[in-house]
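First up is the structure itself, then whatever we jot down about it.
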Amino acid sequence: MPDVKTMTPMAAANAVRAGSALLIDVREPDEFRAERIPLAVSAPLSCLPGLLAEMTLGDERPIIFQCQKGGRSARACALAMERIGGRPIYNLAGGIEDWKAAGLPVAGAPSNAPAGIPFFRRMQIVVGTLVFLSILVGYAGYGAGFAVAGFFGAMLVLAGVAG
């Protein structure tokens, strides 16, 4: 993975407010709707390769990628460096969590409201539990349990491939 440069929340806020940088939020749409940094553009990491191919970025403003804590945006930075090279690309240090910790504004849900578990994480928990229980049923002597676990695995692969 290429060496990713980071930018502090305060430096990013100043650059975005001045119009000298573009802020892209790579979290999933439900996360973006719930809470976001003002002036950020939503481009989920799961869709980013296609979006980068379609984007026409006329100027050479730096692009700052952000997510919840910095992990997904670091992957987005690496992907963008491969696809659109030459342009300054940064990862927002600590994501929206450090942005809020710096006292910078967010839009959407109040920052002191409980966020809850995002939809995609809830689905991962449910499907993972079903696979686990199906395997236990299989080891208990009911071969159909392994078939059910295989079915859930195949559906996860299909969902991942189909996007």
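Largest GNM mean-square fluctuation among Glu97, Glu31, Glu54, using the chain with Cα springs under 10 Å: Glu54. Within the listed set Ala53, Ala147, Ala101, the Gaussian network model of the chain (springs between alpha-carbon atoms below 10 Å) gives the highest mean-square fluctuation for Ala147.
For the chain, modelled as a Gaussian network with Cα springs under 10 Å, which listed residue fluctuates most, Ala149, Ala76, Ala107? Among Ala149, Ala76, Ala107, the largest GNM mean-square fluctuation belongs to Ala149.
Relative contact order of the chain: 24 percent, from C-alpha pairs under 8 Å at least 6 residues apart in sequence. Summed over qualifying helices (DSSP H, 4 residues or more, each -39500 (n - 2.57)) and divided by its residue number, the chain shows a 222 nm mean residue ellipticity of -16000 deg cm²/dmol. With 0.36 nm allotted per residue and the present C-alpha distance subtracted, the Leu51-Asn14 stretch has 10.7 nm of extension available.
Simple point charges give the picture: +1 on the Cβ of Lys and Arg, -1 on the Cβ of Asp and Glu, and for the chain a dipole about the Cα centre of about 140 debye.
Where a number appears in this text, it was derived from the coordinates with a stated rule and is not lab data. Since the model is a prediction, treat every value here as computed from it, not as a measurement. For neighbour counting, all protein chains shown are included, and Cβ atoms are generated from backbone atoms with ideal geometry for every residue, glycine included.
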